[in-house]
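Down below is the structure, laid out as C-alpha cells.
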Amino acid sequence: MTVADNSFVSIHYTLKNDEGTVLDSSAERGQTLDYVHGRNFLLPKLEEHIYGKKPGDTFSVTLEPADGYGEYRKELVSEVDRSQFETEAPIETGMAFQAMTASGPRIVRVVHVSDGKIIVDANHELAGVRLHFDVEIVSVREATEEELNPQPCASCSGCSGSCSDGGCGEGCCCG
C-alpha cells in the first residue's frame, strides 16, 4: 500500500539544520512517528513528499523556513513586566509559557531576564531555520475509524481530540 490521504503511516525521521546538527530524531527515541496522512499532523510540504511512498522507501527533503515553521519575525519579541507572569517561581531564560495574544493563545519562550523585565519570543523555536529531513517509510495501512475520528478524553479541553493543532496542552491524553 502507498501513502494516501487517510492512511495510517509510520515513519522514522531525522531532522537537521544547515550545520548538520540533529534537532530531532524518531530513531533516537526508539519509536516511529505515527500519524494519519492528510490530516495536517505534519508540515504540509513534508506530507507532500511522503505522499505516494511505500514501506521501505527512504528520501531526504529540505524545507525552506516558509515551508517549515515560518520566517523569524522580530515583532514577535517583546519586553514584559515580571508582574504579568502568574507564578512566583523564578523565571529563567529558556522557560516557555502560554500567553494570551490578540490572535489567541501562543507559546512564548523567555530569552532574557533582568530588573523585573522579561524578554519573550513568540516565534517557533525553528522559525527561520532551513529544515533537512531524512525519512524512512516504515509502514502504511488503512486508518481505522477510531484513528480517522478521534474522541477527546475527559481531561482535554480546547481541541478536536487529535492534538495535531498543538492546542491541548500538558496532561492531555488524546494525542
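The values are calculated or read from the model by the stated rules, or taken from the named source; none is laboratory data. As the structure is a prediction and not an experimental result, all values here were calculated from the model. Backbone-built Cβ (ideal geometry, glycine too); neighbour counts: all protein chains shown. Heavy atoms of the whole protein, side chains included, go into the accessibility calculation; ligands, DNA and RNA do not. Shrake-Rupley method; radii C 1.70, N 1.55, O 1.52, S 1.80 Å.
Applying the selection to the stretch 133-143, what residues are surrounded by fewer than 18 Cβ atoms within 10 Å (Cβ to Cβ) and either at pLDDT below 95 or closer than 30 Å to ALA66 by Cβ (or both)?
Passing the criteria: ASP134, VAL138.
Output the number of residues of the stretch 90-127 satisfying the condition of being part of a loop (DSSP other than H, G, I, E, B) and either open to solvent by less than 90 Å² (accessible area, probe 1.4 Å) or farther than 23 Å from LYS16 by Cα (or both).
15
State yes or no: is GLY94 at pLDDT 90 or above, small (Gly, Ala, Ser) and closer than 25 Å to ASP134 by Cβ?
Taking the combined requirement at face value, the residue does not satisfy it.
Which of (1) of a type outside the set (Asp, Glu); (2) in contact with a Leu (Cβ under 7 Å, 6 or more places away or on another chain); (3) farther than 23 Å from ILE137 by Cβ is the odd one out, the single condition TYR13 does not satisfy?
(3)
Name the residue that is farthest from SER139 (Cα to Cα), counting only residues in the stretch 31-61 that are of a type in the set (Ser, Thr, Tyr) and assigned to a loop (DSSP other than H, G, I, E, B).
TYR51
At positive phi, modelled with pLDDT under 90 and open to solvent by 30 Å² or more (accessible area, probe 1.4 Å), is that true of GLY158?
Yes, satisfied.
Restricting to the stretch 1-52, what's the tally of residues that are charged (D, E, K, R), in contact (Cβ under 8 Å) with a residue 24 or more places away in the chain and within 20 Å of LEU148 (Cβ to Cβ)?
The total comes to 3.
If I ask for residues that are under 15 Å from VAL61 (Cα atoms) and among the β-branched types (Val, Ile, Thr), which ones from the stretch 9-27 would you list?
Passing the criteria: ILE11, THR14, VAL22.
Kindly provide the set of residues from the stretch 74-89 that are more than 10 Å from ILE118 (Cα to Cα) and assigned to a loop (DSSP other than H, G, I, E, B), ordered by number.
Once the filter is applied, which keeps residues that are more than 10 Å from ILE118 (Cα to Cα) and assigned to a loop (DSSP other than H, G, I, E, B), the stretch 74-89 yields GLU86, THR87, GLU88, ALA89.
Can you tell me how many residues in the stretch 41-68 are farther than 17 Å from TYR13 by Cα, open to solvent by 50 Å² or more (accessible area, probe 1.4 Å) and not acidic (Asp, Glu)?
1
Hey, can you tell me all the residues within the stretch 1-30 that are assigned to a loop (DSSP other than H, G, I, E, B), over 23 Å from GLY70 (Cα atoms) and out of contact with any helix residue (DSSP H, G or I) (no Cβ under 9 Å at 6 or more places or on another chain)?
MET1, THR2, ALA4, ASP5, GLY30
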